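Okay, structure first, notes after.
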Amino acid sequence: MKQIDPCTLVLFGASGNLSRVKLMPGLFRLDALGRLPEKMAILSVGRSEVSLEAWRADIKGMLDAKFKKGYDQKVFERFIARNFYHANPPTDPNAFAKMKDKLSDEATFPQNLAFFLSVRPSDFAQVVDQLAEVGLTNEDKYWRRVVIEKPFGTNLPSAKELQASISKHLKESQIYRIDHYLGKSALQNILLQRFANTVLEPIWNSEYIDHVQITNTEMLGVGDRTQFYDATGALRDMIQSHVLQTLALTTMEQPKDLSPDAVRAEKIKVLEAIRPIPVNDIEHHAFRAQYAAGEINGEKVPGYLEELGDSSSVVETYAALKLFIDNPRWKGVPFYIRTAKRLHEADTRICIRFKKAPLQIGNGQHQNWLIIGIQPRECIKLEIESKIPGLDINTRTIELDAANRQDGDETVDAYEALLLNLMEGDNSQYLHISEVEAQWRLVDPVIEAWAKDRKPVHQYPAGSRDPEASKVIFEHEDQFWRYSIQLGGDAH
Ligand SMILES: NC(=O)c1ccc[n+]([C@@H]2O[C@H](COP(=O)([O-])OP(=O)(O)OC[C@H]3O[C@@H](n4cnc5c(N)ncnc54)[C@H](OP(=O)(O)O)[C@@H]3O)[C@@H](O)[C@H]2O)c1
């Protein structure tokens, strides 16, 4: 357990959805687990005037909604006593100076300050400017950290602009850029499984691996977020962030240790080694589609364009890319990454297919697959060929299947882990600016090309599998989308 300095978490946007559902309950759980330092305060900042009493009652409501089975009253008393509120009306030019005044009460607010900006992305730069103006980003005596929520920009130029703006006031070590996927234990496990075992590393390269698939699919549609989604799309929403981070963890070289700098340096190297997608041959490297009306769990659901009420939208709810990594380890290995809404299954996994065995014995011999399940099932599974007992020589696939999660294991939400890392000063699970930029650099040309191409987008019925047409990105005819992670399930 790392030592945490006494500190104050200043939470902008504390009345918002993220704070209600993840941050406040996450902080409460950390308190219950004894992971918050004794001297730690939470100052929530919002535009409206709210009394301390009303704010604490609001927090109780957030906890009641989250922990339906109840919670420990002693922990609640301790937690609620840490919580304070400050109104920062946008019309008040002295709002930030008043906040600084409030924070100067050292008996209540430890002076190491972490500012969590759970506000609209368009407000990130301005809040940092205002914090700096009143001297709250100054690290002369105490540490000062700023968490920037996702997304960091909406393309490379806007990410650079945001970076230029905040880096006037903050050093890289003070900036904590969130991709909450990195807080997931199953994602952190990729590194552990790769580098804490001797058996995997020797085969983790182009000599043995035929191709890799990284998949993140949902059965849910866009719901009531149609306007947000239509301004974003699957590529920007999921691939630019979570899926590329999963790819980086799967493909990076071994860091010299698990320090934040060493881990991020290797991720940056591999992200920067991904070959740009050739825009003049985009149709063989990138595929998009939209869900049409269909059925999910036996229920009829409308299509994306219908939900949006705009039949001219070309924004994708399905995106698949073929990528190559130009380094010696991954020379010539295709990486197929995809994300989709309203597919027939909700699953996040990494599927690695190995090359054909040198000896081909009879018909029906399959290539080995190694599958790392991330969500909903956390597992690692190896499919190998084995002799069918009997007089003849025939093979079948058997599996070594291990659940990562065992009865009684702790379940930690990604935000809990990230909040703890923030207070510890460990930014290895947060993004370095070079990672963010490499990720935008890769997807921007595709986003731009797709936005310009106004032809109707390929449709797939909600609840179906990948559109047949998506196979256009496969490098070889014998490659196919890998589905169920269960053996005997539908692998093809
Ligand atoms: N919700 C999630 O699961 C999720 C997931 C990934 C990323 N994020 C990111 O996390 C951040 C917060 O998300 P959220 O869903 O919690 O947002 P939200 O509920 O829409 O808003 C957060 C807070 O921002 C303030 N706010 C809202 N509208 C505003 C306006 N017009 N002008 C100024 N302030 C305004 C409000 O606080 P006051 O009125 O009290 O000032 C509100 O509580 C965003 O950057 C989002 O992109 C959220």
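The values are calculated or read from the model by the stated rules, or taken from the named source; none is laboratory data. Values in this document were obtained by computation on a predicted structure and should not be read as measured data. Glycine gets a Cβ as well: all are built from the backbone with ideal geometry, and neighbour counts include every protein chain shown.
Every condition in (1) surrounded by fewer than 21 Cβ atoms within 10 Å (Cβ to Cβ); (2) within 16 Å of the ligand (Cβ to nearest atom); (3) of a type outside the set (D, E); (4) outside the structural domain of P90 (by TED's automatic domain parsing) holds for L187 except the one numbered (1). Restricting attention to region 355-383, the residues being under 18 Å from N205 (Cα atoms) and out of contact with any strand residue (DSSP E or B) (no Cβ under 6 Å at 6 or more places or on another chain) number 3. Look at (1) surrounded by 14 or more Cβ atoms within 10 Å (Cβ to Cβ); (2) more than 29 Å from G223 (Cβ to Cβ); (3) in contact (Cβ under 8 Å) with a residue 24 or more places away in the chain; (4) of a type in the set (A, V, I, L, M, F, W, C) and you find that L382 fails only one, number (3).
For region 231-249, filtering for residues that are buried (at least 17 other Cβ atoms within 10 Å of the Cβ) and over 14 Å from the mean Cα position of the chain (by Cα) leaves 2. Among the residues of region 26-55, those identified as of a type outside the set (F, W, Y), surrounded by 17 or more Cβ atoms within 10 Å (Cβ to Cβ) and closer than 15 Å to R78 by Cβ are L27, R29, L30, D31, A32, R35, L36, M40, A41, I42. When residues in region 100-119 are screened for being in contact (Cβ under 8 Å) with a residue 24 or more places away in the chain and either charged (D, E, K, R) or within 10 Å of the ligand (Cβ to nearest atom) (or both), 6 of them pass.
Is it the case that G13 is crowded, with 18+ Cβ neighbours inside 10 Å, over 24 Å from the mean Cα position of the chain (by Cα) and within 10 Å of the ligand (Cβ to nearest atom)? No; evaluated as a whole, the condition is false for this residue. For region 289-301, taking the residues that are closer than 20 Å to D237 by Cβ and out of contact with any His (no Cβ under 6 Å at 6 or more places or on another chain), the one that is surrounded by the most Cβ atoms within 10 Å (Cβ to Cβ) is identified as Y291. Taking the listed residues N394, N404, the one that is more than 23 Å from N205 (Cα to Cα), polar (S, T, N, Q) and touching a helix residue (DSSP H, G or I) at 6+ places or on another chain (Cβ under 7 Å) is N404, with no other qualifying. Looking only at residues in region 76-101 that are surrounded by 12 or more Cβ atoms within 10 Å (Cβ to Cβ) and among the acidic types (D, E), which one is farthest from L36 (Cα to Cα)? Filtering region 76-101 for residues that are surrounded by 12 or more Cβ atoms within 10 Å (Cβ to Cβ) and among the acidic types (D, E), the one farthest from L36 (Cα to Cα) comes out as D92.
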